[in-house]
Each structure stands twice: as C-alpha cells, then as structure tokens.
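First the structure, in the form of structure tokens, and then the observations on it.
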Amino acid sequence: MDRKEDATEASPLPQDDLVMGNAIYRLACRLFPLCRSITGQGVRETIGILGDYIAIERHDVPSGTRVFDWTIPDEWIVRGAWVKDPSGRKVIDFEKSNLHLLNYSIPVRRVMPLAELKAHIFTLPAQPDLIPYKTAYYTDAWGFCMAHAELMKLAEGEYEICIDTEKTAGHLSYGEYLHTGTSGKEVLLYAHICHPSLANDNCSGLALLTCLAAYMKSRKTYYSYRFVFAPGTIGSLTWLARNEHRLATIAQGFVVSCVGDGGGPNYKRSRRGNALIDRIAACTRCGPDQKPLNIADFSPYGYDERQFCSPGFDLPVGLLQRSAFGTFPEYHTSADNLDFIRPEHLGSSFRMVKDIIDGLESNWTPLNLSPKGEPQLSKYGLFPTIGGHKVNTDRTMAYLWILNLADRSNSLLDIAERSGMPFAEIAAAAADLEKAGLVENLGFGER
Amino acid sequence: MDRKEDATEASPLPQDDLVMGNAIYRLACRLFPLCRSITGQGVRETIGILGDYIAIERHDVPSGTRVFDWTIPDEWIVRGAWVKDPSGRKVIDFEKSNLHLLNYSIPVRRVMPLAELKAHIFTLPAQPDLIPYKTAYYTDAWGFCMAHAELMKLAEGEYEICIDTEKTAGHLSYGEYLHTGTSGKEVLLYAHICHPSLANDNCSGLALLTCLAAYMKSRKTYYSYRFVFAPGTIGSLTWLARNEHRLATIAQGFVVSCVGDGGGPNYKRSRRGNALIDRIAACTRCGPDQKPLNIADFSPYGYDERQFCSPGFDLPVGLLQRSAFGTFPEYHTSADNLDFIRPEHLGSSFRMVKDIIDGLESNWTPLNLSPKGEPQLSKYGLFPTIGGHKVNTDRTMAYLWILNLADRSNSLLDIAERSGMPFAEIAAAAADLEKAGLVENLGFGER
Amino acid sequence: MDRKEDATEASPLPQDDLVMGNAIYRLACRLFPLCRSITGQGVRETIGILGDYIAIERHDVPSGTRVFDWTIPDEWIVRGAWVKDPSGRKVIDFEKSNLHLLNYSIPVRRVMPLAELKAHIFTLPAQPDLIPYKTAYYTDAWGFCMAHAELMKLAEGEYEICIDTEKTAGHLSYGEYLHTGTSGKEVLLYAHICHPSLANDNCSGLALLTCLAAYMKSRKTYYSYRFVFAPGTIGSLTWLARNEHRLATIAQGFVVSCVGDGGGPNYKRSRRGNALIDRIAACTRCGPDQKPLNIADFSPYGYDERQFCSPGFDLPVGLLQRSAFGTFPEYHTSADNLDFIRPEHLGSSFRMVKDIIDGLESNWTPLNLSPKGEPQLSKYGLFPTIGGHKVNTDRTMAYLWILNLADRSNSLLDIAERSGMPFAEIAAAAADLEKAGLVENLGFGER
C-alpha cells in the first residue's frame, strides 16, 4: 500500500478545506513514528514538532507529584526491546513497531521456554494480522504485543528476551497554547498526546488542533481558546490540578480525537447535557454530504472529558470524534496507521470544528423589523419572482424561519434548533437579512 | 373521463356525511371553471357563488393600498391568450385551460421563432402530460404553461403570440361571513380563493367551509366562527391589516385546503404549538377507518397560516389538509381536477372539521361522583354482565378512562390526550356517564 | 404430557432461585384444583393452604355489605353440574373441570333440545380444543363452557341439564398477612384469589407472594409489607372500604399475577406514573438473560390496581406480570394449567420481585469522596492494571457512573435511571465503592 500524502482525486470539499486537510495530514505524518507514552522523550519530541506551528508552551511536572487521587509516575525510558527465537532470529522487534512493547514494561533480560513467554504476549486472535496496543502504566509488568498469525508460527524452544527500559524520576510533560479573545472567557480544546504510533487515535487530533491554533492567529474572537496537549487521564488531571484556581474561566470546551477517518461524526455531550457547546454541536453538519452529528448523552467512559466532567469540576466539555473510539476495527491496533486517516476527512473534520467555533462566536439574536406577516422577500431579491411550485430551498427556508422566530426571544442557535437546520446555514441567512435591513442584530445570545 | 357528481357506490360513511360530501362536491364543481388570481373578476364571481349559500360580505380594497411590507397590486384582467404555430393552428389556448397562461402575465402580441418562445414556456418534463400552474404576481413577466409532450411536438418556425391581458388599478376582493356565538371569542376559518382551475387546491376548501357555514346556521355555539375567503398571502395580509384592532378576539383558528382527496389527513400545528386547536386536532380522527391526523410541528412554509403565525400576530391558527400540499403528484397541475376530488372524501373531511368544532365547543370537565373504586357499571347498563374475556371495547375503555381521570383536574380533552382515544369517543362516553348520574359536569375546561 | 414438579434440567438460574421456584410451583400445584369464585368455600380452602406457610389472617365479610358503589353478593355454593346427551352419557361434567360451569350459575334442572341448550354454552371456535373461563357474578344466568370441538360432536336431541348450585347469604373472604418493618410505611402486595383452576392467572401470583412472605420472615426491613389475597374487584374494594382510614400508610405497592410463564416481564405504572415503585420497576431486570421490564403507562383496564388507582384513592400501586393478561393464547382457558407455568420462570419472577423490594429498601445516596477527576480505581483493586482495550464491564461502568453522579443530588435510583443500568448492579457496585472508602453513604433517598 503506497502512502498518499495529498488527496489528489476530485473532491466535493471546498478547496481551502482540502488544503487544510493536506496540511493536517502532513503534520500527522511527522507525529506518527514517535513512541509516546504518558511520560518521556516521545511526548517532549511531539510537543517540539507542534512548536514548529504555534508558540506552544511546554510544562514539565516532576515524577512523584501528587495529583488528586493520583501520583505522577516515574518517567519511562525505552532503549529497545526484542525477542529472539531458538535460532537467534529476532521474531519481535520494537524497532519495527513501537506497538510491539507493552507500554511501560519493566526491564527484562532472560531466556525462557515459549510456553512461559506466551503468558506475556498479547495478540488479537480475531484480527490475526494486527498488533494490538496495550499499556501497563501503574503496575510492574512486562510484555509484548504481536500479530496472532506470527505467534502461531513460533516453534517450541528457548527464547531470549530483552526489554531495555527504565523507570526513573523524570517529568510528565504537556503543551499549552492560548489564543486570546476579547472576553475573559475561555474555550478549552484538548487532545491526548500519550499514544504511540496510532494515526487516528490521536495523531489526527493533535494535528488538527495544532493547525486550528495556527489558523486562528489571524482571527479576532470573543472567546479565548486554550489548546491543551497532554497525556490521557494523568495529563488532564495534572492540568486540572495546576489550573484549579482559574477553572471558572472555562466557559465551554471539547476533547478532539479520531478525526481522520470518514466515520461518524460523533459528539458526546458534556455531563451538563445542555451546555452551549452541546447545543451547537447538535446543530452542526460535517462533510460534503453535510451529515448531522450523532449526538450521544454523556457517559463516564471515554477520553479526558471524563476528568473535566467529574463531579468536582463539572466543566461543560464534550467529546468530538468521527468514528467513535472502540467501535472501528482499526482501534488500538497497528491498522490505525497513516493509510487509515485521509486528508479529505481531516479537512471535513477541520471545517466541522471551525463551524462549531463560528457557532460559539456568532450566536446573535435577530429582531424581525417587519414582524406583521412576512415581508415581501422578492422585493429584496431574496425570493424568486415566478411562483407556483415549491421554492423551499435551504436558504429560503432559513429566511422564513429566522423571520418567523426573530421576536427577541430566540438567538440564532434557538432558531437553528427549532428549525432543524444547520447553524451555519441560519447564520449565513441571518447575515443576508441583516444586510437587507429586514432584521436587526440585538446582540449576542447565550455565551 | 365522465364526471360523477354523486358518489353512488356503497360507502361506510354515515349517510349524512355522504349527503354533505355530495353537496360540497357540487359547489366545488361550480367554482372550478373560473379563472381566479389574487385580484380580479374571477375572485368576485367566486364570492358571488358562495353568496348563494351564505350571506357572505365582499370587501374590495383598492390597488395601491399599503399592507404592511406589501402593496396591493393592480388588478389583472384576462381577455384571452393563445399561441399559433407556423401553420396558424392554435397550439396553446387559454380558452381550453386557464392554467395555460402564466398567472399575471403582461400583455404580448408578437411573432417569434420557437427557440425564443421556449424561454417563456413552463412544462413538467417528469409529468409530460400535465400542464403546470405558475404565477408571476409581483413582477412584469409573461409566459405559457403546457404539457411537456405537446411542447415536444412543436415544429421549428415562427409562432404568433397573443396575450390579451391588462394590469390596471382595481381592487383586491375577499369574502367574510360570521356565525355569531354566545361568547365574544372567535374561531377563524380560512380558505384561499386565488387559485384558478385547481380542484383540491382549493375549490375543495372554499366549498367545504361554505357548506360548513351554511350548516352552522342551525347551531347555537359558544364561539363565533369567522369564515374568510381571501387570496393567498396578500389576501390574508389585507384581512389582518384591516382587522388588526380586533385580533385579540381570535381565540383559535385553522386554514383549510386540499380536503377533497383521500390522503392524509394532516394537521400542522400553530406557531404556539400547544394551542387548544392544536391539542384538539391531535385527538381527532378521520374517515371510515378513523385515521388519526398526522400532526406536524409548525414550520414557516405553507399557506396563509404563515401570516397569522408571523411573530407580530402569533395567532393560534393551524393548517388542516388531507394530502399535504406539494406532496401529491397532482399538486399545482392540470391533474388537480374534478376527478381527483371525491364526494366521499369531502364528506369525511367535513366530519373531521365538525368533530374539531365539537371539540372546541364541548371540552367540559367531568367529576366522578363515585370516585372510590370503580362504580359497578353493569348496574347502569354500561358493562356486560357475562365476563371472563376482554371487554375493552372503545366505549367501555372510554368509560373507564373518564371515571379514572375525572378528579376535577382533567377536561375531556385532557382525558382524550392521556387515553390516546378520539375526543369524539370520550365526549360520547362522558355524555352516557353524565346521563347515568356517574359524573357531574363541572363546566368548561380550557377555551 | 407428564407433570414435572421440579425443574431438573441444567439452568443458568442461581441455585437458590431455582429452589424457590420449585417451592412456589409446589404450592401452585396445591392451589390449582380448587374451584374458587368471588365468594365461597374454594376461597376459604385456598386461604387455608396459604396458612400452612404464613400466619395469614382470614377476614369474612357478610353478604349484603355495602362496599362503595357495590354490594357483597350472596355466597355461591356448587355441589355439581352436568349435561347428559339423549343417550344418557355425561357430555359435560363439572367434576372433570371446574371451568365447565359458568361461574356463579344459578341452579337449573331441566331437559331441553340441543338448539335451546346451545344458547347457554360458551366455546372458543378459534381454539376448538380449549374450555373457556366465563363468569356471571352480578346477574342471574346459567351456562356451561366447553371445547368447541366437543360441542360440534353433539347430536340433536333432548339433553338433561343439572346445575346443582345455590346462592345464599354467606361471606366474602380474603386473607391478609403483615411483615412488620421499622417505619410506619407499608408496601401493599396484592394477588387475586377468585379464579378457579387457572395456573398462571393466578395460582402463580398467590403462590409467589406467599413464598415471598415466608422468605421475608428472616429479613429486617424499613417498610412493612402487607400481603392481601382477595377476590378480584369486589375483594380489593372490600379491603379498601375496611381499611380506608389507614390508606395513608400505603407508600408503595403492586399487584402480582401471571408470573409463572416465560413471557414479558411487564410492569404497568401506577396512575401517578412516577411513583418510586414505578421508577424502580423500570430499573429492574428479569431472568437469566436479564431482560428489562416492558414498562407500560397506566391504563384503567386490568386487575385490582384499577381500584387502588381509582381517583378517590390514587395509591401508588402498579401491576407486575410476565406475559400480560389477555395477550397469551392460554389466558382464561383450560390451557392455563400446571404445564403452562414452570418452576424456573417462577424462580426468575421471585428474583425480580425480590430485586424490586431490594430497590425499595436500599435506595441510598452516595457521596464521591474523591470528586476531582476519577480516583485511581486500580489502586483499590477496582480496575484492571493492563489497559488498551475496552474495559467497560458492567461493574466497571457502574463504578464510573456512581462516582460521576455521586454529588449529593443523586440517589442510587437516580444513578440507575441516568445510566440505564439495573438498580441491582448499581447497588452492588455502590457497596464495593463504600467498602473501598471511595463513597460515603449520605442516607436514604426518596422513600
């Protein structure tokens, strides 16, 4: 399978989305080879690459630091790992895939019979050609992951095992970048940085948010946008612990992961269930066929939104994905590679995220200046002059909905919700109506 | 195709519904041939025919009158219109169908090649034998409508075109009839009068409401019933403008259209969504098979309920139809003719409208006089004396529901809603129970 | 078909549920042969058998006693009933099945031609081999029930008829048993006792509740549990009339019937709709495959919950069944026999009832003592130490839901409802978390 760094086939995506998708894909390709974990050099190198795009600030928090009910573990250092069969051939080699080594394995240097070794080998019998991704962060264990088909080929005999790792006092690192808006309120955008060579989960999220941060430099916004790139669970907990005094400024937020494939899209609501971000996500569309997002209620299983939505914080933070984690066969296997994610999907996902941000930024409340009956839209060039058959194009319907509901009590988001139309369409139609002098902008709705 | 003015085949409709259906059909047949528009002689003649049934009052409002964001246009006069082919044969003739002429066409008298003429001809390629209905009210355009199959037969060459029309200062006319009840509250019943030879849309609505008005002469009612027959959009706006000072008396209302076919029935809620009329419609059934109405939420696209439900008025006015406009293939074509509507469907629709009015008039609140346990219904002849298998006939179930819920807090409508039974069934059962002395009438519920 | 008094095949039911199912089945077998009615010896004998298990108190209320809108009828005594064909052969005999006699038949001793007799014979033409169950409690009628196939075999001629019954002043009897808890609040558990030889409806309910009452002797409870075994309708009305002054103590309750087959389970909400019992039933599961209960809204047709939920009482009393009455083909026929009900289903039903009671008894409110982020569950042995693939077992998910929602505002029932998990699973997980010191018991929620 040859790797296509740019989507070249004709696409119905807007050209700038495709350009952006290609840029995101190129960044994901740079991030993919690194062996990340919840601590260590891979995380620092990843943050370094993101620093080529944005002025990211790296925070290093020492091992042993208490973080709520947790403690930052020793840093994990990997120098190599392999298994040699009785003939001395390397049958597993960390050099070939960093998924081969159980993440956070303790060092081992031993010879043992195959039967004993097997107790330390993880495979996926139902997906016999794929290497699974397994972790053992908070325990002292060792192991290897490999394709089940390869395991089946191993002959009986004595195997030589080398895991050249070390756990030593070091740091947990995370990256942070702030785009400053005019208000004191912040939108938290979060991606986990701890996964090794897995493309969709979550090189895609890291790359998309980084390109978004770079893109936003040219935008003036109401909200500030705080981008956080941190290891799963312990990373978000560490960020929460160090920022606890200022969490009141977090007005909205969402976690981004698995945004490079063509599935979904899926949005999981925050614990609050009806936060502004939850409502806007439900009025958002994605991709050339403008699919509505599948909206799931909050549940306490998932990514780092679990921590932001724990009862002690209860922040309005959701989870945005294309295919939902755990539901696609490539999930947490060697098949989640750079062929699985595509520039056009990254481009669509970028547009979806941008539309959500536009929703946060532009939820104004229109007032119909001609509220008695409909205004004569054809006078303003907003309605066809020849009638008789259905003229309910999306734009025309958006005009009618806005005019009907623009009675001071409804923001554009309220109108999008009641009409069932995308927020972006309602916002564009409202701009037309304001330009035509048919509605007045009463200022912003809920923020 | 021969026209059947009376439905003679056996029908499970109640006999008086069939009689009424035939009467409505006969009136629709009288209205069908006239060339109506939003102004002009056709509207006045239509109101004249309705005047044979009820003491309708005609209002004539001069061209140029400002109506909110609109202006009443010049009156449109048609004397004739045709197209002759190079051999001098009339290939389009307004005399044969008033749909052939683009409604509100400006006058034209020219010779031109077929290619040039075609830019002014509207057809329906997917329904090649039907003439479409098209309008150009608020612009200066001209055109013809014809069957696509006929257009295909036209040979190249020079065509002679005659549109003998005129736009001149005149009037917009509408008709109004009031049935006076005992309260000061009014129910608005509205049908648009502007369509030329289209039977379901809306000769059926005009005829049904007129026959209803005639029928109600013999009834004493709580509400007054205001029947308005006016051109679409500009007509309802004109009525609203001239009655703005007294709109507070409009307690409920609905627009009636497309009530002559066997589809649906469909009810679109008012903008308020939970008006009494909306709730009653949802508890109404239609036709021999007692179909529940499909209930749609309000949307700002449709007929004149758009104007009544604009934010400056927000009247509790819904839309009642059999097949919903725009969804049936005959809609706005020459196939919407007197064969498409049937007396039995008009009769069922009449019964449905009458049931809704009965609901408005008779939503009383019962009190169970024997509220501790069920009363022994068999003592009163309201329950079978031999038991053992299911006896939950509709009427029995209605007794049980009423007795169970008649605790002062529920009107008959509340009971119909919670039980899922038709209001008419609940009302009939409540009458039985009152007669048996088992419930007391506490007076009227919501009105 | 041979009768299996014990389920011997391997079953995934917990062993103690199976033991209990067998015990319930044995009791149902004792109750089945008796000819019960709404009064009379059969009811007294039934209460006598239940008295072998629990200290049941029998109440005898005289015929003629006024009970709200009803009057307790004379007692019905049956000594025998048969029909002889022209050859003198008994073609119907009460001795063979007590269903053969229309319940509450008046005495008859006559000879008549078949044609005349047929007007008094009830059959089920669609189920030609089954005898229907029919009643004529509050009227003076006589009749027989038989298999339609048997009726078809009868030859013309004179038939001799003997119905040796008597209606005479006597008593309506019902049984009552109280398990006393620590609070003054009572849970009402009701089964109707009036049906003759019908196994599921309702020997199953009588037997299950009796075994439950016996089982509860060893339990200390918050609620008192009042078990009432009374004839349908007139029995529950009589109990209500005699206990009207103390109905305020009834905090919750449900009627139990048809709990011996493998269908459903079904729960019908009380009239209030959101009583604690209604909410707990919706979070309960049944049987080896842990089926959620089908939850139906209250309706006024059914068993004795109709009386408890009449507007004069409005008690929070639901109806619990496996297959819903009237929906299974064996209902009210001779096929509702001891082969139709099975020990394993009775065992599952018992567990379901017990789980509901556990829900009533143990709806405490947890407080997460580590509310900032998730606690590190693996430290407490509550989470696997090797990660990477989905670990959302039921128990793990229950931990996460409880921790997420344990913010003082949610009881275990609230948590079960929002998570969609069974109350029993949430309660078990909460016990683990309390033991681990992760949550504190704030006391009981709604009771």
Test residue A:408 against the criterion of being more than 17 Å from residue A:362 (Cβ to Cβ), within 14 Å of another protein chain (Cβ to nearest Cβ) and under 33 Å from the mean Cα position of the chain (by Cα), and give yes or no. no
Residues in the range C:159-190 that are within 25 Å of residue C:41 (Cα to Cα) and in contact (Cβ under 8 Å) with a residue 60 or more places away in the chain total 19
Looking at (1) in contact (Cβ under 8 Å) with a residue 12 or more places away in the chain; (2) within 30 Å of residue C:258 (Cβ to Cβ), can you tell me which one residue C:410 breaks? (2)
Do you know which residues across the range C:143-158 are away from chain B (no Cβ under 11 Å) and either among the hydroxyl-bearing types (Ser, Thr, Tyr) or crowded, with 17+ Cβ neighbours inside 10 Å (or both)? C:144, C:146, C:147, C:148, C:151, C:154
From (1) in the same structural domain as residue C:216 (by TED's automatic domain parsing); (2) closer than 21 Å to residue C:235 by Cα, pick out the condition that doesn't hold for residue C:103. (1)
Single residue of B:434, B:361, B:425 found to be more than 13 Å from chain C (Cβ to nearest Cβ) and touching a helix residue (DSSP H, G or I) at 6+ places or on another chain (Cβ under 6 Å): B:425
In this structure, does residue B:204 turn out to be buried (at least 17 other Cβ atoms within 10 Å of the Cβ) and among the polar types (S, T, N, Q)? yes
Whether any residue in the range C:300-307 is among the acidic types (Asp, Glu) and in a loop (DSSP other than H, G, I, E, B) is what I want to check. yes
How many residues of the range B:143-158 are farther than 15 Å from residue B:101 by Cβ, touching an Asp or Glu at 6+ places or on another chain (Cβ under 8 Å) and assigned to a loop (DSSP other than H, G, I, E, B)? The answer is 3
Tell me which residues, restricted to the range C:52-73, are within 14 Å of chain B (Cβ to nearest Cβ), part of a strand (DSSP E or B), surrounded by 16 or more Cβ atoms within 10 Å (Cβ to Cβ) and of a type in the set (Val, Ile, Thr). C:67
Residue pairs, Cβ under 8 Å, 6 or more apart or interchain, first in the range C:265-284 and under 23 Å from residue B:405 (Cα atoms), second at pLDDT below 95 and of a type in the set (D, E, K, R). List them. C:276/C:446; C:276/C:447
With surrounded by fewer than 21 Cβ atoms within 10 Å (Cβ to Cβ), among the β-branched types (Val, Ile, Thr), in the same structural domain as residue A:60 (by TED's automatic domain parsing) and on the phi < 0 side of the Ramachandran plot as the only criterion, which of A:250, A:280 stands out? A:250
Cβ-Cβ under 6 Å pairs, at least 6 apart or on other chains, the range A:386-401 side of a type in the set (Lys, Arg), far side at pLDDT 70 or above and assigned to a loop (DSSP other than H, G, I, E, B): A:390/B:326
Since residue C:370 meets every condition but one in (1) surrounded by fewer than 23 Cβ atoms within 10 Å (Cβ to Cβ); (2) within 14 Å of chain B (Cβ to nearest Cβ), which condition does it not meet? (2)
Residue in the range A:120-142 that is surrounded by the most Cβ atoms within 10 Å (Cβ to Cβ), counting only those that are assigned to a strand (DSSP E or B) and within 11 Å of chain C (Cβ to nearest Cβ): A:135
Which residues, counting only those in the range C:254-277, are in contact with a Pro (Cβ under 6 Å, 6 or more places away or on another chain) and surrounded by fewer than 21 Cβ atoms within 10 Å (Cβ to Cβ)? C:272
Could you check, for the range B:309-322, whether at least one of its residues is touching a residue at least 60 places away in the same chain (Cβ under 8 Å), at the interface with chain A (Cβ under 10 Å from one of its Cβ atoms) and of a type in the set (Val, Ile, Thr)? no
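The values are calculated or read from the model by the stated rules, or taken from the named source; none is laboratory data. This structure is a prediction, so every number in the text was calculated from the model and none was measured. With ideal geometry, Cβ positions are generated from the backbone for all residues, glycine too; neighbour counts draw on all protein chains shown.
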